[in-house]
Amino acid sequence: MSSALQIVWVYPDLLSTYGDRGNMLILAHRAKARGIPVQTVEVRSDEPLPTGDIYLLGGGEDGPQALAAQRLNADRGLHRAVDRRAVVFAVCAGYQLLGRSFYAKGAECAGLDLLDLYSDRGPTRAVGELAGEVDPTLGVPMLTGFENHGGRTHLGRGVRPLVRVKTGIGNDGVSEGAWKGTVLGTYSHGPALSRNPGLADLLLRWATGEETLPAMDDTWPTRLRNERLSATGLA
Ligand code: GLN
């Protein structure tokens, strides 16, 4: 077995319509910059999920999202990964399908039941900048992202909200995203980890067990963050 950090991009054929593949590139770049060997694997929906360290799920339209949920429930590889405390980072459709249920094309669909939450449909489509304070226990600066979804997400007691919303809608206009253990979901595209290098490093620390990672030159991500946060009056 390889000793490199295995990053698994789940179902690029179904969950990759919003540029979230960038999250894999950012994680690989930030790991390599710290001398951590990385292997990235892209697993299509007709293939079994391999054993990995970090699993990434992206956004998707309703039809592909429903199919991804069916195939992941049949495969069970993501459930096994969560049981072994692998890291899961899921965005938008990927986030919704970690819950008990979600709506796609007007029908309720079974999710993977990996996080204590469910999603229904909101009165409007949430489109635009999304920002707010990250759960202070995570030690990550303000989240900035872009959202584009029709669903609304309701959290149970078994998860913590990721963010207190200052701009945008996220789960319900009050909170955005959720996390438990090393499983974290968000509505943020951007891709999220290009705008939030602190979140990328949190995932890398969870996956490697390192308490801290060496600092790196974040001049460009910082400029991007400041530009986007100032566009919504938050910087
Ligand atoms: N289909 C889902 C919704 O509209 C997720 C969309 C997305 O991934 N951007 O709520």
- Could you run through region 200-225 and say how many residues are more than 27 Å from LYS180 (Cα to Cα) and either open to solvent by 80 Å² or more (accessible area, probe 1.4 Å) or part of a loop (DSSP other than H, G, I, E, B) (or both)? 5
- Restricting attention to region 72-79, does a residue exist that is basic (Lys, Arg) and touching a residue at least 12 places away in the same chain (Cβ under 8 Å)? no
- Those residues of region 55-97 which are surrounded by fewer than 24 Cβ atoms within 10 Å (Cβ to Cβ) and in contact with a His (Cβ under 9 Å, 6 or more places away or on another chain) amount to ASN73
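Report yes if GLY94 is within 13 Å of the ligand (Cβ to nearest atom), at pLDDT below 95 and either small (Gly, Ala, Ser) or farther than 29 Å from PRO221 by Cα (or both), otherwise no. Talk me through it step by step, then tell me what you get.
On the way: within 13 Å of the ligand (Cβ to nearest atom): yes; at pLDDT below 95: no; either small (Gly, Ala, Ser) or farther than 29 Å from PRO221 by Cα (or both): yes.
So GLY94 does not fit the description; no.
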- Note on the structure: All-but-one check, PHE146 against (1) in a strand (DSSP E or B); (2) touching a Phe, Trp or Tyr at 6+ places or on another chain (Cβ under 8 Å), failing number (2)
- Query: How many residues, within region 1-54, are open to solvent by 50 Å² or more (accessible area, probe 1.4 Å) and within 16 Å of the ligand (Cβ to nearest atom)?
  - Reply: 4
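If you check THR167 against the conditions, is it of a type outside the set (A, V, I, L, M, F, W, C) and away from the ligand (no atom under 16 Å from the Cβ)? Don't jump to the end; show me each part of the working.
Working: of a type outside the set (A, V, I, L, M, F, W, C): yes; away from the ligand (no atom under 16 Å from the Cβ): yes.
Against the criterion (of a type outside the set (A, V, I, L, M, F, W, C) and away from the ligand (no atom under 16 Å from the Cβ)), THR167 qualifies.
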- Lone qualifier among GLY145, GLY150, GLY139, GLY156 - being touching a residue at least 24 places away in the same chain (Cβ under 8 Å) and surrounded by 24 or more Cβ atoms within 10 Å (Cβ to Cβ): GLY145
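The values are calculated or read from the model by the stated rules, or taken from the named source; none is laboratory data. Everything quoted here is computed from the prediction, not taken from an experiment. Note: ideal-geometry Cβ built from the backbone for every residue, glycine included; neighbour counts use all protein chains shown. Heads up: the accessible areas ignore ligands, DNA and RNA and are worked out on the full protein's heavy atoms, side chains in. Shrake-Rupley method; radii C 1.70, N 1.55, O 1.52, S 1.80 Å.
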